[in-house]
Each structure stands twice: as structure tokens, then as C-alpha cells.
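This report concerns only the one structure given below.
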Amino acid sequence: MTYQIIETCVNCCACEPLCPSDAIIEARPHFLISAKKCTECEGDYIDPQCVSICPIEGAILDSFGKAANPIGSLTGIPAAQWVAMIAEVRASV
Ligand code: SF4
Ligand code: SF4
């Protein structure tokens, strides 16, 4: 298994031009990664370029199915605080 883009992708298009393997596909309802083409950037870059540029925590999963940019990794908000904030927002609507 390689990297995957999941439904929380907001189709910002930032990752697609950076992929050295042309593995990122514009699709509906969100961008996808071709498992056949993704090389995990090995041989081209130290870091997976899609993960490095993606602004959305949790939108890309690694080869183990875990968020490559987990909650808090980009915003700095601790996961427990984030969960509490979301619960508060949902309770108010
Ligand atoms: S990990 Fe690298 S090769 Fe794989 S989709 Fe992302 S940018 Fe492309
Ligand atoms: S950078 Fe992230 S949010 Fe933007 S298109 Fe790629 S996966 Fe989706």
C-alpha cells in the first residue's frame, strides 16, 4: 500500500504538480493517488512531496493507513483540545 488521499481533501490542487511520479489524479469528489504509480518519492525526495505541501491534517494516509499529517501537526493544537473544540462547535449548532 502507498500513500492515499481521502475524503477530507479539499481539492486545493497543491500536491498534484509536485508529485515526481505523476501519481496524483484529479478526480471526483477529491484527488486520488495511483497506487501503481506512487513511489513514496523514494529516489527523488527525502519527504513525500504531497504530504509536505498538503494543508489539511488527515487528508493523506501513509502506507500503514495512518494520517501522514495527524491532528495538531500543522495547527499546533493538541488532539484532545481539538476534539473538545469540535464537540463544542457541534453542540452549538
Ligand atoms: S508520496 Fe510522492 S510519489 Fe507518492 S503520491 Fe505523494 S508525491 Fe507522488
Ligand atoms: S494538497 Fe491535500 S487538500 Fe490539496 S489536493 Fe492534495 S490532498 Fe487534497
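Kindly provide the set of residues from the range 5-31 that are within 9 Å of ligand 1 (Cβ to nearest atom) and not acidic (Asp, Glu), ordered by number. Residues satisfying the conditions are Ile5, Cys15, Leu18, Cys19, Pro20, Ser21, Ala23, Ile24. Does any residue of the range 47-69 turn out to be outside any loop (DSSP other than H, G, I, E, B), away from ligand 2 (no atom under 11 Å from the Cβ) and of a type in the set (Val, Ile, Thr)? No - not one qualifying residue is present in the range 47-69. Output the residues belonging to the range 43-64 that are more than 8 Å from ligand 1 (Cβ to nearest atom), more than 21 Å from Gly76 (Cβ to Cβ) and of a type outside the set (A, V, I, L, M). Scanning the range 43-64 gives Gly43, Ser63, Phe64. Cβ separations smaller than 8 Å between residues 6+ apart or across chains give the following pairs from the range 17-31 residues that are without any contact (Cβ under 8 Å) to a residue 40 or more places away in the chain and among the aromatic types (Phe, Trp, Tyr) to residues that are more than 10 Å from ligand 1 (Cβ to nearest atom) and assigned to a loop (DSSP other than H, G, I, E, B): Phe31/Cys9; Phe31/Asn11; Phe31/Cys13. Quick one: would you say Ser21 is surrounded by 13 or more Cβ atoms within 10 Å (Cβ to Cβ) and outside any loop (DSSP other than H, G, I, E, B)? No: the conditions fail for Ser21. Candidates Glu40, Glu7: the one that is surrounded by 12 or more Cβ atoms within 10 Å (Cβ to Cβ), acidic (Asp, Glu) and assigned to a loop (DSSP other than H, G, I, E, B) is Glu40. Somewhere in the range 80-89, is a residue over 11 Å from the mean Cα position of the chain (by Cα), within 9 Å of ligand 1 (Cβ to nearest atom) and part of a helix (DSSP H, G or I)? Checked the range 80-89: no residue is over 11 Å from the mean Cα position of the chain (by Cα), within 9 Å of ligand 1 (Cβ to nearest atom) and part of a helix (DSSP H, G or I).
All of the numbers you see were taken from the coordinates with simple rules; none came from a lab. Just so you know, these numbers come straight off a predicted model, no measurement behind them. Cβ atoms come from the backbone with ideal geometry, glycine included; neighbour counts cover every protein chain shown.
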